[in-house]
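Quick notes on the structure that follows.
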Amino acid sequence: MILGIYLISVLLDQSRFKLLKTEYLAVIFCVIFVAGCAGLPNFSNLKSGYKLSGKDAIVVMGVFPRYRIGVQPGHFKNGKWERDEMKFLAANIFPENGYIVTKLSPLSDDGAYVIDQVLPEGIGAYTPRFVACNGTSMVAFNSIEGRVIYVGDFEFYSASEVLRYAHDFNLIKAKESLSKHYPSLAEALELATVTKTTTSREWCI
């Protein structure tokens with residue numbers, strides 16, 4: 001099983017993800033997926049028609065094609081994003097109608113979420129899994145209590161041994177889509193402040 005990814009930002013800055021080959025698929029499945037499930041991430045989007053409450057911190061992102069996305073909490077250290085190793089995924093979700101719409105708890109001032117893994121075929125011991133490794137370009141963001149933020153669209157390419165993505169914003173399109181299923185959230189939707197960064201993590205599991 002080959003684990004790896006290439007990311008391309010909206011500015012087309014390219015950064016390689018390390019490739020990891022292993023024959024111990026069952027071990028990786030137990031460590032990553034079972035342990036990840038124990039952390040109780042969000043496994044589904046908010047229900048259609050969900051209405052915003054004062055304490056909600058809601059994040060919206062476009063994901064094309066329909067790949068399962070793992071959102072990981074971390075923090076900035078020496079100008080790079082670093083995974084919080086004691087925390088599991090905050091969300092592990094397929095987009096619906098082109099968008100992920102979920103709650104994420106706000107992090108501390110130096111905290112940030114990133115897409116840390118992509119599973120084109122979903123969860124499984126023998127399905128491809130792409131993860132961020134040292135030097136990978138990432139889009140970092142945080143959630144905000146009482147607000148609905150849009151962190152942009154992520155379009156993925158070439159899910160083979162490597163994976164690429166482009167990141168861009170289309171707030172009008174996002175509002176139009178949300179208005180069909182989340183009219184209350186669409187009215188409150190606003191652009192997020194994101195940070196283009198890299199990860200310093202050397203381990204690719």
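The values are calculated or read from the model by the stated rules, or taken from the named source; none is laboratory data. Being a predicted model, the structure only gives us computed values, none of them experimental. No Cβ is skipped: glycine too gets one built from the backbone with ideal geometry, and neighbour counts run over all protein chains shown.
Of everything listed in (1) at pLDDT 50 or above; (2) of a type outside the set (Gly, Ala, Ser); (3) touching a strand residue (DSSP E or B) at 6+ places or on another chain (Cβ under 6 Å); (4) surrounded by fewer than 12 Cβ atoms within 10 Å (Cβ to Cβ), the single unmet condition for ASN45 is (4). Tell me, please, whether a residue that is charged (D, E, K, R) and in a loop (DSSP other than H, G, I, E, B) can be found in the stretch 101-111. Yes. With respect to the conditions (1) surrounded by fewer than 21 Cβ atoms within 10 Å (Cβ to Cβ); (2) touching a residue at least 60 places away in the same chain (Cβ under 8 Å); (3) β-branched (Val, Ile, Thr), THR127 lacks only one, and its number is (2). Checking LEU119 against (1) within 18 Å of PRO73 (Cα to Cα); (2) without any contact (Cβ under 8 Å) to a residue 40 or more places away in the chain, only one condition comes out false. Which one? In the conditions (1) within 18 Å of PRO73 (Cα to Cα); (2) without any contact (Cβ under 8 Å) to a residue 40 or more places away in the chain, LEU119 misses (2) alone.
Only one entry of LYS175, LYS180 meets the criterion of being surrounded by fewer than 16 Cβ atoms within 10 Å (Cβ to Cβ), at pLDDT 95 or above and either closer than 18 Å to LEU46 by Cβ or in contact with a Lys or Arg (Cβ under 9 Å, 6 or more places away or on another chain) (or both), and that entry is LYS180. The set of residues in the stretch 40-93 that are under 23 Å from ARG147 (Cα atoms) and among the polar types (S, T, N, Q) comprises ASN42, SER44, ASN45, SER48, SER53, GLN72, ASN92.
Inclusion of VAL139 among residues that are surrounded by fewer than 17 Cβ atoms within 10 Å (Cβ to Cβ), in contact (Cβ under 8 Å) with a residue 24 or more places away in the chain and under 18 Å from GLY70 (Cβ atoms) is not warranted. Of the strands (runs of 3 or more DSSP E) lying entirely inside the stretch 116-205, those carrying at least 3 residues that are under 20 Å from VAL59 (Cβ atoms) and touching a Gly at 6+ places or on another chain (Cβ under 9 Å) are 147-157. Is it the case that the stretch 114-124 has a residue that's crowded, with 16+ Cβ neighbours inside 10 Å, out of contact with any helix residue (DSSP H, G or I) (no Cβ under 9 Å at 6 or more places or on another chain), within 18 Å of ASN45 (Cα to Cα) and polar (S, T, N, Q)? No; the residues of the stretch 114-124 include none that is crowded, with 16+ Cβ neighbours inside 10 Å, out of contact with any helix residue (DSSP H, G or I) (no Cβ under 9 Å at 6 or more places or on another chain), within 18 Å of ASN45 (Cα to Cα) and polar (S, T, N, Q).
The combined condition, being touching a residue at least 40 places away in the same chain (Cβ under 8 Å), surrounded by fewer than 16 Cβ atoms within 10 Å (Cβ to Cβ), in contact with a helix residue (DSSP H, G or I) (Cβ under 8 Å, 6 or more places away or on another chain) and aliphatic (A, V, I, L, M), is fulfilled by LEU191. Restricting attention to the stretch 170-201, the residues that are farther than 17 Å from VAL114 by Cβ and in contact with a strand residue (DSSP E or B) (Cβ under 7 Å, 6 or more places away or on another chain) total 12.
Quick grid of which residues meet (1) touching a Pro at 6+ places or on another chain (Cβ under 9 Å); (2) among the charged types (D, E, K, R); (3) surrounded by 21 or more Cβ atoms within 10 Å (Cβ to Cβ):
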position	(1), (2), (3)
ALA57	yes, no, no
VAL71	yes, no, yes
PHE76	no, no, no
GLY79	no, no, no
ARG83	yes, yes, no
PHE88	yes, no, no
ASN97	no, no, no
VAL101	yes, no, yes
